[in-house]
């Protein structure tokens, strides 16, 4: 799954690490896919549209977490748009092939905004995110990557298969699947990770109801939770939704 340029950049730190060598597809992938939906349904996915709420916990003031609306559009082969809305600002980040941009808008005065382009490393991260969200663990070789089975690991008392999805030597998603059921238990590292919780079904696919993202730095752990209210599969989004906005006069 995956998600907002600030959130995407934050997630990039959570998932990037250096591991191993090329290998054939681990057998756990077939089990993980079968748990989500049939092969025909998964292979037929061209887009996913998420609508929900992003809650950010403030370690200094846990009693008043920040709540924002979030909307995520993903479309093959490499398009993504994330909109995060609060009372004060609207943050938009988008990927269109090899172009990526962000725009922050004053929610009370839409004529006030700032826009910037993202660099090549951020583009690479976003392209990996789109693949991870739309390919359901299979076919990374078609985008120049590879997958490696890293053996057994125990997470929360569950015997898991640890699988590394390499998009590059230094861009890797570590995922831990329950060996018995194929359920995705954990993604990331001890310091930067996310966990899925609950279920919501859309387009014949089993999705998580929420995702809890944790990052630990300098002894402090921050958490963000995305809860999905609606998921739609295989909508067709116009190119203009992802394209870099043309310059306008403020």
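Checking each residue in region 193-212 for being surrounded by fewer than 17 Cβ atoms within 10 Å (Cβ to Cβ), assigned to a strand (DSSP E or B) and in contact with a helix residue (DSSP H, G or I) (Cβ under 8 Å, 6 or more places away or on another chain) picks out only 206. If you filter region 218-250 down to residues that are assigned to a loop (DSSP other than H, G, I, E, B) and at pLDDT 95 or above, you find that the one that is surrounded by the most Cβ atoms within 10 Å (Cβ to Cβ) is 242. Looking only at region 155-180, residues that are in contact with a strand residue (DSSP E or B) (Cβ under 7 Å, 6 or more places away or on another chain), in a strand (DSSP E or B) and surrounded by fewer than 18 Cβ atoms within 10 Å (Cβ to Cβ) come to 3 in all. Among the conditions (1) within 30 Å of residue 58 (Cα to Cα); (2) touching a helix residue (DSSP H, G or I) at 6+ places or on another chain (Cβ under 9 Å); (3) modelled with pLDDT of 95 or more, the only one that residue 215 does not satisfy is (3). Total residues in region 187-206 satisfying the condition of being under 18 Å from residue 155 (Cα atoms), at pLDDT 95 or above and more than 13 Å from the chain's Cα centre (by Cα): the figure is 2. Within region 97-121, the set of residues being under 17 Å from the mean Cα position of the chain (by Cα) and either under 30 Å from residue 30 (Cα atoms) or surrounded by fewer than 18 Cβ atoms within 10 Å (Cβ to Cβ) (or both) comprises 97, 121. All told, residue 95 falls short of being touching a helix residue (DSSP H, G or I) at 6+ places or on another chain (Cβ under 7 Å), part of a helix (DSSP H, G or I) and modelled with pLDDT of 95 or more.
The values are calculated or read from the model by the stated rules, or taken from the named source; none is laboratory data. Quick caveat: nothing in here was measured; it's all calculated off a predicted structure. Quick reminder, even Gly has a Cβ in these numbers, built from the backbone with ideal geometry, and neighbours come from all protein chains shown.
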